[in-house]
Structures are given as structure tokens and as C-alpha cells.
Amino acid sequence: MTNTGCHFSCRLRHEPLCRDWVRWRLRSTDNGTSWTDDNSGLTNTQVISLAVSGTNLFAGTYGDGVFRSTNNGRSWKAVNTGLTKNIVLSLAVSGTNLFAGTEGGVFLSTNNGTDWRNVGPGLTYVVVISLAVSGRNLIAGTYDGAFLSTDNGTSWSQINSDLTKRRVSSFAASGTVLFAGCEFGGVILIR
């Protein structure tokens, strides 16, 4: 991906009657001074997650799976072969591996989203709301805590001993230190 700007995902909440989330994708080439709507080919603009792998930009949507852009978000193509759960809550990249956290587990693509396979059947809770890569480790956050895979999702172990709140919505890694952002629980250090 060329360094021609930054991408931003927004969401607004309509309170009155429908309580739906409205999302759109915007692109800035001047560090956020101005923004351009970038949705050509993105048939579902409820974008929940974004990831970059090489020159590819990926958007995870609420209901229509994953979309890929090869031109900095100017146009999009759905890439969902084998992705059986199309609510994509999180995306993460590790080398040439692209992971999608869905409402049905974790899916892996080794070819930029062209094909997917489920690698999350070992998870005891399958709604994966956050993903992170730390070194060779893949970490999944769920409503029932955090899970660790050291083999690209083939096997999982729960890592909840330090979690006082189990709804893990985000991660940040610094070297071997992992932080979990927990809904209604703040930031927790996972060792």
C-alpha cells in the first residue's frame, strides 16, 4: 500500500426508532484535513473492520463478508469464497495470512481473501469480536474472554487468568506484553 493517505472508518448510531448502526468508509490524502467517500463496489457500507496486507486493503462488513481493494480504497471487490459467516467483526494480518473474526469463529485466507477456511472450531465461544497478532501468536477476543493460538488457528487455549471482565473488544501488543480492552472493564494487562 502506498503512503498516500490514511483511512478512517466511522459509525453513527440512530437512537429514535430503529437502533441501527450506519457506517461509511472515508479516505484522506492530506492527513485528515479533508475526506472523500470511497465506496465504489462496496455493496455493504456497514464496515466494521479494516486491515492492510501488502498493497491490499480489506474491509470486513456486517452481513456481506470481506471486500478487497487493490487501489487504496478507490474500488472494491467481494472476496468470500469459503467464508460461511458474513458478519466480519475483526480482521488481522500475520505475514501472508489474513484472519477474519466472525460471528461463527475465525477464518483464514492465505491468498489475499480469494479463499477462506474456518480455523476456529476449537474456540469455546465462537463470536470473535477482536483479533490481534503478536509475534507468531494469534489472539481472539470474545464475549467470554481471550483465546490464544500458536499455530495459525488450528488449536486454541483460553488465556483468561488476568481478565476481570471477559468481554474483550480490542487488543494492543508491545513486544511480549499484551493489553486487552474490555467492555465495562477498562484496559487489562495479559501476561
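The values are calculated or read from the model by the stated rules, or taken from the named source; none is laboratory data. These numbers were taken from a predicted model, which means no experiment stands behind them. Methodologically, a virtual Cβ is constructed for each residue, glycine included, from the backbone with ideal geometry; neighbour enumeration extends over all protein chains shown.
Tell me which residues, restricted to the range 110-161, are in contact with a Phe, Trp or Tyr (Cβ under 8 Å, 6 or more places away or on another chain), under 22 Å from F179 (Cβ atoms) and in a loop (DSSP other than H, G, I, E, B). Within the range 110-161, L123, Y125, V127, Y143, D144, G153, W156, I159 qualify. Within the range 116-140, how many residues are modelled with pLDDT under 90, among the small types (G, A, S) and closer than 16 Å to L89 by Cβ? Summing the residues that are modelled with pLDDT under 90, among the small types (G, A, S) and closer than 16 Å to L89 by Cβ in the range 116-140 gives 1. Of the residues V187, V168, which single one is surrounded by 15 or more Cβ atoms within 10 Å (Cβ to Cβ) and either within 30 Å of T81 (Cβ to Cβ) or touching a Phe, Trp or Tyr at 6+ places or on another chain (Cβ under 7 Å) (or both)? Testing whether each residue is surrounded by 15 or more Cβ atoms within 10 Å (Cβ to Cβ) and either within 30 Å of T81 (Cβ to Cβ) or touching a Phe, Trp or Tyr at 6+ places or on another chain (Cβ under 7 Å) (or both) leaves just V168.
With the structure loaded, tell me whether S90 is in contact with a Leu (Cβ under 9 Å, 6 or more places away or on another chain), surrounded by 13 or more Cβ atoms within 10 Å (Cβ to Cβ) and within 20 Å of G153 (Cβ to Cβ) or whether it fails that test. Lay out the reasoning, then the answer.
On the way: in contact with a Leu (Cβ under 9 Å, 6 or more places away or on another chain): yes; surrounded by 13 or more Cβ atoms within 10 Å (Cβ to Cβ): yes; within 20 Å of G153 (Cβ to Cβ): yes.
Yes, satisfied.
Among the residues making up the range 47-61, those that are surrounded by 19 or more Cβ atoms within 10 Å (Cβ to Cβ) and more than 11 Å from the chain's Cα centre (by Cα) are S53, L57. Restricting attention to the range 135-185, the residues that are acidic (D, E), farther than 27 Å from T110 by Cα and free of Cβ contacts under 8 Å to residues at least 24 places away in the same chain add up to 2.
Residue pairs whose Cβ atoms lie under 8 Å apart, separated by 6 or more positions or on different chains, with the first residue in the range 98-124 and closer than 13 Å to N152 by Cα and the second modelled with pLDDT of 95 or more and among the acidic types (D, E), are S109/D115.
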